[in-house]
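A.B. asks: Once you've had a glance at the structure underneath, I'll fire off some questions.
The values are calculated or read from the model by the stated rules, or taken from the named source; none is laboratory data. Everything quoted here is computed from the prediction, not taken from an experiment. Because the Cβ atoms are built from the backbone with ideal geometry, glycine has one as well, and the counts that use them run over all protein chains shown. Areas reflect the complete protein model, heavy atoms only, side chains present, ligands, DNA and RNA absent. Shrake-Rupley method; radii C 1.70, N 1.55, O 1.52, S 1.80 Å.
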Amino acid sequence: VTMCFRHSIAIAVLTTLCLQANAANEPITTWTFESPNTPPELSNSAISPPASASFGTGTATGVHTNAATDWTNPAGNGSAESFSANTWEVGNYWQFQTSTTGFDDIGLYWEQTGSNTGPRDFQVQWSTDGTVFTPAGSVYQLVNASWSGNPDNRVVDISLYSLDLSSITALDGAATAYFRLVDASTTAINDGAVAVGGTSRVDNFSVVKDYQAPPPTPPRQLPIAGDLVFGLNHGSGARTLELVRGGA
């Protein structure tokens, strides 16, 4: 929303003062990995092909230690494309590079999942020089959310992550800002060891300004006496039954 006020000066020069109303969590840069910004698939490379931002300006890449890594574009979370890789080891990462010039109170929103034998634990890191990276937030855990390209089967609760970076003033108005999702352990999503063929997948990564935390997700609950339970034939393995509770 833009509000413009015209002000007349004594020498008859007209100036316009425009005040831009701030919108919380307005994206600065977003990667959806959809065409025409889908990175080409590449086999046997430690470094992924670059992926241009779908909104704003920036580049996403992946870096692994294993030169046998395959970089692919399986279905996203209710969309045709995402960014995926196998052969994960501790310290391997997804990286997103952009500029926050003119913006402050930075935050991140993204979606991430993996196969059962893919890495479970990740840590966000940030930098303004691309060399020294600082951890932010706690180590977070992935689940196998069984993404599909069908928008009707979009997973909305267990594969969406966000992080408040508004207290990091170095990211305010930074000419270049880097954000990494770093593999933090050898534990897989199934609680075993990460397998060579285990994958991790990222989608819809957004760097936002004027960050505001999302409302908490209601806790999952099991049915009790008196509930109505509906099986809605979802293709997502993360969503099995819909529960309705309360008086008629």
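A.B. asks: Could you check the range 150-163 and list, in sequence order, the residues that are open to solvent by 30 Å² or more (accessible area, probe 1.4 Å) and more than 13 Å from Y140 (Cβ to Cβ)?
C.D. replies: Selection gives N150, P151, D152, R154, V156, D157.
A.B. asks: So which residues in the range 86-126 are in a loop (DSSP other than H, G, I, E, B) and either farther than 20 Å from T186 by Cβ or touching a helix residue (DSSP H, G or I) at 6+ places or on another chain (Cβ under 9 Å) (or both)? So that I can check it myself, show each step before the final result.
C.D. replies: Within the range 86-126, the subset in a loop (DSSP other than H, G, I, E, B) is 86-92, 99-106, 115-118, 120.
Within the range 86-126, S99, T100, T101, G102, F103, D104, D105, I106 qualify.
A.B. asks: Mind listing whichever residues of the range 169-199 are open to solvent by less than 30 Å² (accessible area, probe 1.4 Å) and among the β-branched types (V, I, T)?
C.D. replies: Pass one, the range 169-199, residues open to solvent by less than 30 Å² (accessible area, probe 1.4 Å): 171, 174, 177, 179, 181-183, 185, 188-189, 198.
Within the range 169-199, V182, I189 qualify.
A.B. asks: Would you confirm, using the coordinates I've provided, whether S148 is in contact (Cβ under 8 Å) with a residue 24 or more places away in the chain and part of a loop (DSSP other than H, G, I, E, B)? Step through it out loud before you land on a result.
C.D. replies: On the way: in contact (Cβ under 8 Å) with a residue 24 or more places away in the chain: yes; part of a loop (DSSP other than H, G, I, E, B): yes.
It is true that S148 is in contact (Cβ under 8 Å) with a residue 24 or more places away in the chain and part of a loop (DSSP other than H, G, I, E, B).
A.B. asks: Of all residues in the range 65-85, which are assigned to a loop (DSSP other than H, G, I, E, B), crowded, with 22+ Cβ neighbours inside 10 Å and over 17 Å from the mean Cα position of the chain (by Cα)?
C.D. replies: Residues of the range 65-85 assigned to a loop (DSSP other than H, G, I, E, B): 65-70, 73-82.
Subset that is crowded, with 22+ Cβ neighbours inside 10 Å: 69, 76-77, 82.
The one that is assigned to a loop (DSSP other than H, G, I, E, B), crowded, with 22+ Cβ neighbours inside 10 Å and over 17 Å from the mean Cα position of the chain (by Cα): T69.
A.B. asks: Would you pick out the residues in the range 193-214 that are within 20 Å of the chain's Cα centre (by Cα) and part of a strand (DSSP E or B)? Don't jump to the end; show me each part of the working.
C.D. replies: Initially, the range 193-214 is screened for residues within 20 Å of the chain's Cα centre (by Cα), giving 198-214.
S200, R201, V202, D203, N204, F205, S206, V207, V208, K209, listed by residue number.
A.B. asks: Continuing with this model, one more query. All but one of (1) open to solvent by 10 Å² or more (accessible area, probe 1.4 Å); (2) farther than 17 Å from S200 by Cα; (3) at pLDDT 95 or above hold for R120; which doesn't?
C.D. replies: Single failed check for R120: (2).
A.B. asks: Among residues belonging to the range 169-192 that are among the small types (G, A, S) and assigned to a strand (DSSP E or B), point out the one that is nearest to T117 (Cα to Cα). Write out each step before concluding.
C.D. replies: So the first thing to find is which residues in the range 169-192 are among the small types (G, A, S), and the list is 170, 173-175, 177, 184-185, 188, 192.
Those still in the list that are assigned to a strand (DSSP E or B) too: 177, 188.
Details: A177: 31, A188: 5 Å.
Per the criteria, the residue is A188.
A.B. asks: Right, next: Look through S48, S35 and report the one residue that is closer than 25 Å to V208 by Cβ, surrounded by fewer than 16 Cβ atoms within 10 Å (Cβ to Cβ) and among the polar types (S, T, N, Q). Please lay out each step first, then the result.
C.D. replies: Numbers: S48 fails: surrounded by fewer than 16 Cβ atoms within 10 Å (Cβ to Cβ).
One residue alone meets the criteria, S35.
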